[in-house]
Amino acid sequence: MRWSVLLRAAAALVFAARLGAAPPPLVILAPTELRTERDVVHVLARTEPGVTARVQGVDAAVYATGVFVRDRVPLIVGRNVLRVEVIARDGDATLREIEVERVLPVPAQPLPTDRLFIDAAGSQPKGLWRLAEGEAVEVAFSGTPGLVAEARLHERAPWQRLDESAAAPGRYGARLVLRGEADSAPALVQLRLSLPADVKRWPGRRLARKPSERSISAASSGQVGLWHSQRQRLFVVSAESAEATWGVHEVRLGGPNLAELPRGTLLVVTGQQDDRYRIALAPDVIVWVPVAALEPAAAGTRLPRPVFTSLSVAGSADSAGDVVALPWPATLPATVSSTLAGDGRPAIDIELFGTHHASTWITHRAGRTLVREVSAESAGRERVRVRVLLERAPLWGWRVERDAGVMRLIVLPPPRVQSAGASPLAGLTIAIEAGHGGPTNLGAVGATGVPEKDINRWTGEALKSELEAAGARVVMVREGDDNPGLRERAQRVLAGGAQLFVSVHANSTDPRGGYLRVGGASTYYKHPQGRDLAAAIQRRLLDDTGLADFGLVGNFNYAPIRLVTAMPAVLVEQAFVSNPEDEAKLLDPAFRARLARAVRAGIEDHLRTSRGGP
């Protein structure tokens, strides 16, 4: 039985109990922390639909789920008693009181000034670092102010002076360089804090004469080692693929992503930070790849150094797109991305790393229907950019095939759609992915306890019905409570022969700012060919459901829509399960059906404006 049915059944039972004059139920869901430094608190509770709810005497809307909320209830310093009451139509009431203590923030403990002290736990660097010769790393720690701070990156390295911050006395730091004539294994960074030579005593204390009274040492939690630049370190992608990102940082969903490097790709590793290797794709292009995805190349492996001389473009034998063929070793990295040329035409850029530009001809053969022109240029040291310029918009998608010596870019045409008067969905294949799934990948969970994975599945099923009614064939990426991996989800889209891909999710946010603060619908895309589809769906969601606008979001790094380049791929965040008003709508089958109709209408709008056939 679906959650929405269970909720309605529960509400009916509660209403029946009302006939027996039982007071309305009241369960306090938040706050759960009854001691806080904040000056406001958000009250979240649940009762039965149809009653009146008040928090501190202020009415709060009770949603169809029975959930109600009042954000930003003010608190005074000390003891606060919050009154939460629900009143039935016959006047019966239930009252709960929540006692919340507001305390003042505990001031930070000042650094000692009468003794030597180093806060090693708060020192930098942290984690594991392997540096190239001459490369700097930030070393910093807090300690007794006004003293001489030093650090060394290795036991054989010299001590180097750290500067004290004028804005934060007692915070010492500098960028230090590890040098050496040979590789060195990672070692803890040594820290030292000493009395200046002209200081003879601590304030109010005896003379500081012994060496132990004049300096203190500690070690950072981070380790630093040297990889000498004279040695080239070749690694090979040993996983199915390796995700190359521009930096090492914490970003939701990862990224920003440059490329997926396939198994067997040879890479030059120049450094390491924690669980990421630093990769030099070219002298001016540095990316980071997970350590777990690589292994050292076999002894004697040499990095190919091809010269880029020629390529060709032609129509495919089955008229299923145009094929750009480049002679390119399968072991060398290359990236593919879509863009817009200066005249506004769609284009696809191929970046080839570890080569230089020596092309004297580019062959354009008859039979092309999509590609207008292919050009090549030097994009920097040891890299060439090939630009594939299309005849006209839209770019529908592309795929890449590689063998031992050739890389093929297949530019795919838009699907042919029905003429005016019929749904353009008729005869097309659409892939739907309901986000999350399985016993542990629940997704977000709102006040009712209904997991996002179920809401996504229910909306996905409603969308499937809408699309099939319009004549489309639907591929369900996640059947039932299945939980395929993110890469497998993308593979299922492609294996199903889809021509469009829609991922369905529900959004959530941190409630510390308030439960009602953020809400509404949003639609996301990664590649430019998904932008217009996402925009069309977002317009329909706003016009047809009344949801607030959380935005059209580009460059979104969710793996399934990032990995699927053969078609427009978008992700729909229906609404926020963390917002009780939005959650109540998402648990209403009639609202989900309306939302599914809006998504279908958005797809149809997009297809009509990008009609691929006569």
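The values are calculated or read from the model by the stated rules, or taken from the named source; none is laboratory data. Owing to the predicted nature of the structure, the values given are computational and were not obtained by experimental measurement. Reconstructed Cβ throughout: ideal geometry from the backbone, glycine too, with neighbour counts over all protein chains shown. These accessible areas exclude ligands, DNA and RNA; they are computed on the full protein's heavy atoms, side chains included. Shrake-Rupley method; radii C 1.70, N 1.55, O 1.52, S 1.80 Å.
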Considering every residue within region 72-84, establish whether at least one is within 30 Å of A447 (Cα to Cα), open to solvent by less than 30 Å² (accessible area, probe 1.4 Å) and out of contact with any Asp or Glu (no Cβ under 8 Å at 6 or more places or on another chain). yes
When both residues are 6+ apart or on different chains and their Cβ atoms are under 8 Å apart, which pairs have a first residue that lies in region 447-463 and is under 13 Å from D482 (Cβ atoms) and free of Cβ contacts under 8 Å to residues at least 40 places away in the same chain, and a second that is of a type in the set (D, E) and open to solvent by 20 Å² or more (accessible area, probe 1.4 Å)? K453/D481; R457/D481
Whether any residue in region 123-138 is over 30 Å from R233 (Cα atoms) and outside any strand (DSSP E or B) is what I want to check. no
With open to solvent by 30 Å² or more (accessible area, probe 1.4 Å), at pLDDT below 90 and on the phi < 0 side of the Ramachandran plot as the only criterion, which of R276, R263, R252 stands out? R252
Residues A22, A108, A64: which one is open to solvent by 70 Å² or more (accessible area, probe 1.4 Å), in contact with a helix residue (DSSP H, G or I) (Cβ under 9 Å, 6 or more places away or on another chain) and in a loop (DSSP other than H, G, I, E, B)? A64
Please go through region 552-584 and pick out each residue that is closer than 18 Å to R539 by Cα, among the aliphatic types (A, V, I, L, M) and open to solvent by 10 Å² or more (accessible area, probe 1.4 Å). L552, V553
Give the number of residues within region 256-306 that are touching a Gly at 6+ places or on another chain (Cβ under 9 Å) and part of a loop (DSSP other than H, G, I, E, B). 9
Kindly evaluate A30 against the criterion of being of a type outside the set (D, E), closer than 23 Å to G78 by Cα and surrounded by fewer than 16 Cβ atoms within 10 Å (Cβ to Cβ). yes
Those residues of region 219-249 that are farther than 20 Å from A297 by Cβ, in contact (Cβ under 8 Å) with a residue 24 or more places away in the chain and open to solvent by 30 Å² or more (accessible area, probe 1.4 Å) come to a total of 5
Checking P413 against (1) touching a strand residue (DSSP E or B) at 6+ places or on another chain (Cβ under 6 Å); (2) more than 14 Å from V313 (Cα to Cα), which single condition isn't satisfied? (1)
Filter pass, A431 being open to solvent by less than 40 Å² (accessible area, probe 1.4 Å), aliphatic (A, V, I, L, M) and either assigned to a strand (DSSP E or B) or at pLDDT below 95 (or both): yes
Pairs only if they're at least six apart or on different chains, beta carbon under 7 angstrom, first in region 115-126 and open to solvent by less than 30 Å² (accessible area, probe 1.4 Å), second part of a strand (DSSP E or B) and of a type in the set (D, E, K, R); list them, first residue then second. P125/E138
Within region 479-528, work out how many residues are surrounded by fewer than 22 Cβ atoms within 10 Å (Cβ to Cβ) and of a type in the set (K, R). 4
Name the residues in region 154-174 that are in contact (Cβ under 8 Å) with a residue 60 or more places away in the chain and either in contact with a Lys or Arg (Cβ under 9 Å, 6 or more places away or on another chain) or closer than 14 Å to S217 by Cβ (or both), would you? none
Within region 87-105, can you find the residues that are touching a Pro at 6+ places or on another chain (Cβ under 6 Å), open to solvent by less than 40 Å² (accessible area, probe 1.4 Å) and farther than 13 Å from A45 by Cβ? A88
Looking at V100, is it of a type outside the set (S, T, Y), in contact (Cβ under 8 Å) with a residue 40 or more places away in the chain and either touching a helix residue (DSSP H, G or I) at 6+ places or on another chain (Cβ under 8 Å) or part of a strand (DSSP E or B) (or both)? yes
